[in-house]
Amino acid sequence: MNQVISNTTRIKQINVELVKDALIELIYGTKQSISNITGLSVATCGNILNGLIESGEVIEIDLEQPSGGRPARRFMYNANYSYVACIDLSYEQGIYKITYAVTNLVGEIIEEDSIIVDNITYQIVVYHIDRLIAKYKIIKAIGIGVPAVVYEGVLVGECDIKDLSNFPLERELKKVFDKEIIVENDMNLKALGFYRKQKYHYGQNIAVINFPKDKCIGSGVIVGGHVVKGNTNFAGEVSYLPLDVSQEQLVYELNKDNRLLPLVVKIITSVIAVINPATIMLTGELINPDMLEDIYKGCLKIIPQEHMPEIIIRENIQDDYINGLVTITLESLTCDVQLVKKRI
């Protein structure tokens, strides 16, 4: 009996998400137009809309202009019903920085800023979340991007932000804040943000590979429209490829002009052979657009032309990062079902 109740509740949640997604897509709609998109009956759409109007998540607007019959009621999704806070924690070139964006439910930015701090600790993170919630009391979810592997809410192993290494950041924040909390690896978020902004056809594979100066390389991979995280969220840690050098030596070798290109080619061709991507985007201080032709020619010595992806180089992908962070934070407010097409 409990299983039946659980399944019924699940179906209701799915139907509510379908109606909300349809309204966001339509901008405004009638019960009939929403029914046409969702495949739900007009009566079911009406019941769901009534509940969403009561909660304030949907607004009823002027009646549809009559075309001979009775004018239909029209509805609009209330994008400002609640907000989400997205926070990027980073340590670059000796500088600790907290970048944040507060958005509404369709991803429109309400406020964004970057703050340089002396250090990033758990207490500092709590302080800045508190500050945002005090200013925007309708924040319902908080997403945090970190330069580390995140597994079961813990920043596993060494993290660029030393005070958060092996720290259960997500778990601890959930104890303090009565909000949806999600903590995710920065490269996964950059890959997701890039994927969404390029509007790839669902099912195409892409990879984003970062070559920072004096730090370990990393990547984010999208396969079949979803971020590949692996069994312990270790997928994408390309610095562990068998390149015949240790991680420490790899960092050193990549910073040598005569070793950079062959190592970049080995890493890219390894990714191509495993996921056969449509596009690989390269970024990081060690990569510049002048290298593109040599990188492509080097890959062609190993990978047949017909299997070569488009290779692009971008020096700044902060917008992609924030886009990916906003995406997963908004998705944390939806029910966890395949129909919602969550990316992570």
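The values are calculated or read from the model by the stated rules, or taken from the named source; none is laboratory data. These numbers come from a predicted model, not from an experiment. When we count neighbours, we look across all protein chains shown, and the Cβ atoms used for this are built from the backbone with ideal geometry, even at glycine. Note: areas computed on protein heavy atoms with side chains; ligands, DNA, RNA excluded. Shrake-Rupley method; radii C 1.70, N 1.55, O 1.52, S 1.80 Å.
At-a-glance table
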read-out: Candidates ILE129, ILE87, ILE120, ILE48 - the one that is in contact (Cβ under 8 Å) with a residue 40 or more places away in the chain, buried (at least 18 other Cβ atoms within 10 Å of the Cβ) and assigned to a helix (DSSP H, G or I); value: ILE129
read-out: Whichever residue in the range 90-106 is of a type in the set (Gly, Ala, Ser) and crowded, with 17+ Cβ neighbours inside 10 Å and, among such residues, is farthest from VAL326 (Cα to Cα); value: SER90
read-out: Matching residues in the range 209-227 - criterion: being buried (at least 19 other Cβ atoms within 10 Å of the Cβ) and basic (Lys, Arg); value: LYS215
read-out: Residues of the range 228-243 classified as within 24 Å of HIS307 (Cβ to Cβ), in contact (Cβ under 8 Å) with a residue 40 or more places away in the chain and open to solvent by 30 Å² or more (accessible area, probe 1.4 Å), total; value: 2
read-out: For LEU155: the one exception among (1) under 26 Å from ALA79 (Cα atoms); (2) part of a strand (DSSP E or B); (3) of a type in the set (A, V, I, L, M, F, W, C); (4) in contact with a Phe, Trp or Tyr (Cβ under 7 Å, 6 or more places away or on another chain); value: (1)
